[in-house]
Structure formats: C-alpha cells, structure tokens
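Enquirer: The following block contains the structure, expressed as structure tokens.
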Amino acid sequence: MRIAVFSAKPYDVTFLERANLTHQHELRFFDSRLGPDTTALARGFDAVCVFVNDCVNAEVLDALARDGIRLIALRCAGFNNVDLDAAATLGLTVVRVPAYSPHAVAGHTLALVMSLNRHIHRAYARVREGNFALDGLIGFDLAGRTAGVVGTGRIGAIVAHLLRGFGCRVLAHDVAPNPLCEAEDVEYVPLDDLLRESDVVTLHCPLMPSTYHLIDAAALATMKPGVMLINTSRGALVDAVAAIEALKSGRLGALGLDVYEEEADMFFEDLSNRVLKDDVFARLLTFPNVLITGHQAFFTADALTAIAETTLENISAFARGDALPNAIGRQA
Ligand code: NAD
C-alpha cells in the first residue's frame, strides 16, 4: 500500500523503514502534522499513518476520504485525537497499536517519581556548578508511603507492581479492577478515598469526556497537603491552571508531567530559538518542584520497534483483507 506518514521524525523513519523490510509498503514521510491544512499531502495514497498530536477530526477525515484514503493507521495507543464516529460514517478503518511497551511508560513514571522525590534534576545542575550543598534536596522513603494509581490497565498495573516493589501501600481506582493488581495486594478504592489518602498519585486512565480535568481544583483540594502528582497519560486529565494554584499554596508538593493539555503546538519540536507563548506552561517551568518531559515516556528502542512492527502488520492485514484485531471504533 502507499502510505503517507505524518509527523515523521528521523527515529520514525529509521524504525518504520527497518520494519518495512518484511512488508514492502511504499512509505512517504512528511515532517508536517496532519490537520485541515495538510490533508492534500495524502492525495494519491491509500493510508495515512499518524501520531498523538495529529488532528484527525471530522473535517480532516472527510477530506481524506474524498481523496481516496481508506485506512488511518495510528502508531500509538491513545486515540482521543480521532473522531471515530466520523471515520465509521465515512467507511474509514482506524487501527492502532494498543500495547507496545507498557514497561517503557511505567518506567518513565517511576523515573519522574524518583527524580522529584530525590530532586535529581536540581542536584544535577548544582553539582555541575560546584555547589555540593544539600539544603532543599530532602526526599522521603517510598517504602511505607501510600501511592494511588488511577487506571490499572497495561501501564497502570506495571506502575502498581513497581510501587509495590518499592514497599508502598498501593491504592487503585479503575472502572474495572485488574486481577493482576488484586493478586499483588493493591487495594481498589473510590477515587475520593485514593486522592485523600495517597502521598503519590499517578494517572494512567485514558482521556475521555468523563476523565477530562479529572484532577481539577476541587480534586486537588481533597488531596493530602504536599502530595506528589504524576501524569504520563494525557495532558487534559489535569487542569494545569488549578495545579499552579495548588503548587503555590503547597497543596501540591511535586508535579511530574510527561504530557500537557496544550502540548500539540510544542512537543516533539525544537523551539529553543523561539519565545515560549504558553504562559501556563511557562509558569509551570518556574517551580523547582515541577519536572516536565516532552511526551517521551514511550521512547525506548523496544517500544519504537514494537510500534513500527505492529503498525505495518496492521496495514498489511488490512491490505490482505484479514481480520483486524487492532481496529477501533464502529468498524472494529
Ligand atoms: P489501558 O487501556 O490498558 O488501561 C487504561 C485503564 O484505565 C483501563 O484499566 C480502564 O478500565 C481504566 N479507566 C477507564 N476509565 C477510567 C476512569 N474513569 N477512572 C479510572 N480508570 C479508568 O491503557 P494503557 O495502555 O495502560 O495506557 C494508559 C494511557 O497512557 C493511555 O490512555 C494513553 O493516553 C497513555 N499513554 C501515554 C504514553 C506516553 O508516552 N506518555 C504512551 C502510551 C500511552
């Protein structure tokens, strides 16, 4: 098949071309994001391959369908950027990579927890400046603390397992408890209880209308003073303006983000020569107890290999007319 690959970075080219040796599709890489202004690039192709910040709304899907696109191949797990109803109405098939390396995201989550707890980001800068003072770098033992995991699917379950390994009491909240977690003495509780009792709260549920701003001013007000909040799921789970107020009051003791609600115009690009226009993001960067990474939790060689292989296998299965276990939406 002829595939237009959007938001293609050098690492996407490397891993997709390597995986394509066994599939032999015609791949054309575009640095541009897919959106209403760039759909014309997909003309003449059979499928588009997109990532988390490509815009795949009804308008874009309509233009793609008119240009003969038949398949939307997501090279990610989350699909909140795709209008699945519009895709189904237009007869477009949507496939994704449901699991590539939950260990990658879980490991990064714990990296944020431990870096914030032990102030590694500040210690790194201090030591390079010849400042070996320890003031301000006091951490806490995770052992014996209570950690709350919101969403115990593929990633959340591994995070819960790792936190148990650190000796934490682990509380969890999910619409459907995971037997793997229950077997490890993870205690399922209502969200209110989890927020009230946890020293560390980490988010691993998907972004949906019901989880939009799950952590807002009201939720933050119920959390333990000095709580650490980690979000490696999707930015809009957290109301960043409310988080800033909670950081200022001390209610939030530490905030670790790999995702940000307005990340689409910033993340994955080198903007170091430009003025940062997002005042909320800029304010977040001023706090010593905030650590932000640019949506890199998935970014391991293992995950990139798995993403590329599953994406191309999804496309090949579609081309052969086989069943599509990774299809989503009404066409699934
Ligand atoms: P998953 O589908 O395996 O698990 C999600 C879990 O959330 C499920 O157990 C589900 O029942 C639960 N859930 C749904 N609604 C909920 C609610 N209202 N409250 C609590 N739990 C709820 O997904 P996953 O593979 O573990 O991924 C989790 C999220 O991580 C994805 O939605 C994606 O947005 C994000 N993600 C981020 C990165 C990154 O690089 N930062 C990479 C991959 C995935």
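The values are calculated or read from the model by the stated rules, or taken from the named source; none is laboratory data. No experiment lies behind these values; they were computed from the predicted model shown. Here the Cβ positions follow ideal geometry from the backbone for every residue, glycine too, while neighbour counts run over all protein chains shown. Note: areas computed on protein heavy atoms with side chains; ligands, DNA, RNA excluded. Shrake-Rupley method; radii C 1.70, N 1.55, O 1.52, S 1.80 Å.
Enquirer: Checking the conditions here, which among Arg33, Arg75 is in contact with a strand residue (DSSP E or B) (Cβ under 9 Å, 6 or more places away or on another chain), buried (at least 16 other Cβ atoms within 10 Å of the Cβ) and under 24 Å from His103 (Cα atoms)?
Expert: Arg75
Enquirer: Also, I was wondering about something else. Is it fair to say Arg18 is open to solvent by 20 Å² or more (accessible area, probe 1.4 Å) and without any contact (Cβ under 8 Å) to a residue 60 or more places away in the chain?
Expert: no
Enquirer: Mind telling me which of the residues Leu203, Leu220, Leu214 ends up being open to solvent by less than 40 Å² (accessible area, probe 1.4 Å), in contact with a helix residue (DSSP H, G or I) (Cβ under 9 Å, 6 or more places away or on another chain) and either free of Cβ contacts under 8 Å to residues at least 40 places away in the same chain or away from the ligand (no atom under 11 Å from the Cβ) (or both)?
Expert: When all the criteria are applied, what remains is Leu220.
Enquirer: So Ser249 ticks every box in (1) closer than 30 Å to Leu34 by Cβ; (2) without any contact (Cβ under 8 Å) to a residue 24 or more places away in the chain; (3) out of contact with any Leu (no Cβ under 6 Å at 6 or more places or on another chain) but one. Which box is left unticked?
Expert: Checking Ser249 against (1) closer than 30 Å to Leu34 by Cβ; (2) without any contact (Cβ under 8 Å) to a residue 24 or more places away in the chain; (3) out of contact with any Leu (no Cβ under 6 Å at 6 or more places or on another chain), the one that fails is (1).
Enquirer: Here's a follow-up. Find the residue count for the stretch 258-300, including only residues that are hydroxyl-bearing (Ser, Thr, Tyr) and within 16 Å of the ligand (Cβ to nearest atom).
Expert: Within the stretch 258-300, residues that are hydroxyl-bearing (Ser, Thr, Tyr) and within 16 Å of the ligand (Cβ to nearest atom) number 3.
Enquirer: Could you tell me whether Arg66 is over 24 Å from the mean Cα position of the chain (by Cα) and either open to solvent by 20 Å² or more (accessible area, probe 1.4 Å) or at pLDDT below 95 (or both)?
Expert: In short, yes.
Enquirer: Answer yes if at least one residue in the stretch 265-277 is within 26 Å of Met114 (Cβ to Cβ) and open to solvent by less than 50 Å² (accessible area, probe 1.4 Å), and no otherwise.
Expert: So far as the stretch 265-277 goes, yes, one or more of its residues are within 26 Å of Met114 (Cβ to Cβ) and open to solvent by less than 50 Å² (accessible area, probe 1.4 Å).
Enquirer: Looking at Glu313, is it on the phi < 0 side of the Ramachandran plot, open to solvent by 10 Å² or more (accessible area, probe 1.4 Å), away from the ligand (no atom under 16 Å from the Cβ) and touching a His at 6+ places or on another chain (Cβ under 8 Å)?
Expert: So Glu313 fits the description; yes.
Enquirer: Then there's this: So for the stretch 275-292 (the condition being closer than 21 Å to Val50 by Cβ and modelled with pLDDT of 95 or more), does at least one residue qualify?
Expert: no
Enquirer: Only one of Val60, Val127 is free of Cβ contacts under 8 Å to residues at least 40 places away in the same chain and in contact with a helix residue (DSSP H, G or I) (Cβ under 8 Å, 6 or more places away or on another chain). Can you tell me which?
Expert: Val60
Enquirer: A follow-up question, please. Can you find even one residue in the stretch 170-191 that is under 24 Å from Leu220 (Cα atoms) and more than 16 Å from the ligand (Cβ to nearest atom)?
Expert: no
Enquirer: A further question on this structure: Have a look at Asn80, Asn117 and point out the one that is open to solvent by 20 Å² or more (accessible area, probe 1.4 Å) and either touching a strand residue (DSSP E or B) at 6+ places or on another chain (Cβ under 8 Å) or on the phi < 0 side of the Ramachandran plot (or both).
Expert: One residue alone meets the criteria, Asn80.
Enquirer: Need the failing condition index for Val127 against (1) open to solvent by 40 Å² or more (accessible area, probe 1.4 Å); (2) within 11 Å of the ligand (Cβ to nearest atom), just the number.
Expert: It fails just one condition, (2).
Enquirer: Collect the residues in the stretch 83-106 that are surrounded by 18 or more Cβ atoms within 10 Å (Cβ to Cβ), touching a residue at least 60 places away in the same chain (Cβ under 8 Å) and either within 22 Å of Gly156 (Cα to Cα) or within 16 Å of the ligand (Cβ to nearest atom) (or both), keeping them in residue-number order.
Expert: Leu84, Val94, Val95, Arg96, Val97, Tyr100, Ser101, Ala104, Val105
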